[in-house]
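Here is the structure we will look at.
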Amino acid sequence: MPLIRTADAIRSMEIRGAGRIARAAAAALRDHAGATETTVKAAFCEEMNWAAALLRSTRPTAVSLPNAIHIVMRGLEDAADAEDARGIVQRNADAFIRSSEEAVSMIATIGANQIRDGDVILTHCNSEAALACIIEAKRQGKKIEVYATEVRPWNQGLLTIRVLNQHEIPTHYIVDSAVRAFINDVDIAIAGADAVCSDGSVINKIGTSQIALAAHEARTRMIVAAETYKFAPRTLAGHTIPIEERPGSEVLAEDLASELPFVRVRNPVFDVTPAAYIDAIVTETGLIPPSYAPFIIRDHLGWDLSMIR
Ligand code: RI2
């Protein structure tokens, strides 16, 4: 898919999910590098930096996106010439896409160990990483049931229940506001992540923090499935992650909204779950307590921490 088309698809959520947008951005950079014909290194780098900035601007919250772009663009400035730079981008992108897919498989194996035979699981939104754990538990022969939320306003829960049904996993489909009513029937809640901050807090689909609160009150385990490239290096320096707010028309039809001039729709897409409400994070490097987040950033993201601005 060409660069501008990929950027539009990420912005409009035609391509969505923190992992999927990261892989789509990496593929777009790789293909753009191939399509950029200049033989002048400086012009090539300028074009790629423009492409990277365009992709970075599409969605502000999922750290997977800037991290993937950073990984793909790494080493570009040190290239001998334009051809060398092109090869660096293409190899980095392919390696990132491969490692991102392998990370989901590792997370599936590690996360499935947290699910016991007979467990009732609650999941929210449509997370490839969280679903991989559930599907692997089923593949291992564990008898499991799932509660899946609807996920207003985009209804990503519909994608989730299709996947669960395809794997013949008995599933209860519930509206978002029914979580507390069912939380005592649940043994473990599993969510994905758009970003993990250095203090171990997790940014994920709006509603995740309410689920974590309900789980905490009911003494139900809450775990998060997140690849290491979803950890946010700049949060080590105290930076916060902007929470995307999408148009009110996604929540309330414009004709109805126009009849209600005193009503303003708020539509934040993500929320922050404090580390205290998360029991563990499943990464491809192992199961970690949220307090281990800074070490993931230091040891697995390849950032020069002294350069963080
Ligand atoms: P994976 C999604 O964001 C959801 O918040 C989901 O939990 C998260 O990305 C992680 O998804 P959106 O794009 O990378 O639906 O695990 O706003 O698939």
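If you average the alpha carbon positions of region 251-308 and of region 197-238, how far apart do those two centres end up, in angstrom?
When both Cα centres are located, 7 Å separates them.
Per 0.36 nm of contour for each residue apart, how much would the distance between Val251 and His167 grow if the chain were fully extended, relative to their Cα-Cα spacing? It would help to have the intermediate numbers written out before the result.
Values: separation 84, 0.36 × 84 = 30.24 nm, distance 3.10 nm.
Separation in residues times 0.36 nm, less the Cα-Cα distance, equals 27.1 nm.
Can you tell me the equivalent ellipsoid semi-axes for the chain? Use √(5λ) from the Cα gyration tensor, largest first, whole Å.
Output for the chain: semi-axes of 34, 23, 18 Å.
Could you give the size of the charge dipole of the chain about its Cα centre, using +1 on the Cβ of each K and R and -1 on the Cβ of each D and E, expressed in debye and rounded to the nearest 20?
Working: 31 positive and 39 negative charges, 70 e Å.
It comes to approximately 340 debye.
Residue by residue through region 150-162, what is 3J(HN,Hα) from phi via Karplus (6.51 cos²θ - 1.76 cosθ + 1.60, θ = phi - 60°)? Round to whole Hz and write x for glycine and proline.
6, 6, 5, x, 8, 6, 4, x, 5, 5, 5, 5, 5
How tilted is helix 128-139 with respect to the longest principal axis of the chain? Cα atoms for both, answer in degrees (0 to 90, nearest 10).
Taking Cα atoms only, the helix is inclined about 50 degrees.
7 Å from Cα along Cα→Cβ at both Leu54 and Ser306: what's the point-to-point distance in nm?
That separation, rounded to one decimal, is 3.6 nm.
From the Cα trace of region 235-309, what convex hull volume per residue do you get, rounded to a whole Å³? All intermediate terms of the calculation are to be shown ahead of the outcome.
Values: hull volume 11.9 nm³, N = 75.
Dividing the Cα hull volume of region 235-309 by its residue count gives 159 Å³.
Using only Cα atoms, locate the centre of region 87-143 and the centre of region 1-57, then give the distance between them in Å, rounded to an integer.
25 Å
Can you tell me which of 204-213, 10-19 comes out highest on packing, and rank the rest after it, using the mean Cβ neighbours within 10 Å? The partial results should precede the final answer.
Values: 204-213: 23.0, 10-19: 18.6.
My ranking of the peptides, most packed first, is 204-213, 10-19.
Given a cut-off of under 8 Å on Cα pairs at least six residues apart, what relative contact order in percent is computed for region 42-124?
Details: 34 pairs, mean separation 20.9, N = 83.
Taking the mean separation of contacting Cα pairs over the length of region 42-124, I get 25 percent.
Going out from 0 in 10 Å bins, what whole percent of all Cα-Cα distances in region 3-106 drops into each bin?
Bin by bin from 0 Å, the calculated values are 17, 51, 27, 5, 0.
Would you mind calculating the relative contact order of the chain from Cα pairs under 8 angstrom and at least 6 residues apart, reporting the percent as a whole number?
On the way: 575 pairs, mean separation 53.0, N = 309.
Contact order relative to length: 17 percent.
Values in this text are rule-based calculations from the coordinates and carry no lab data. Computed from a predicted structure; not experimentally measured. As a convention, Cβ positions derive from the backbone with ideal geometry for all residues, glycine included, and neighbour counts pool all protein chains shown.
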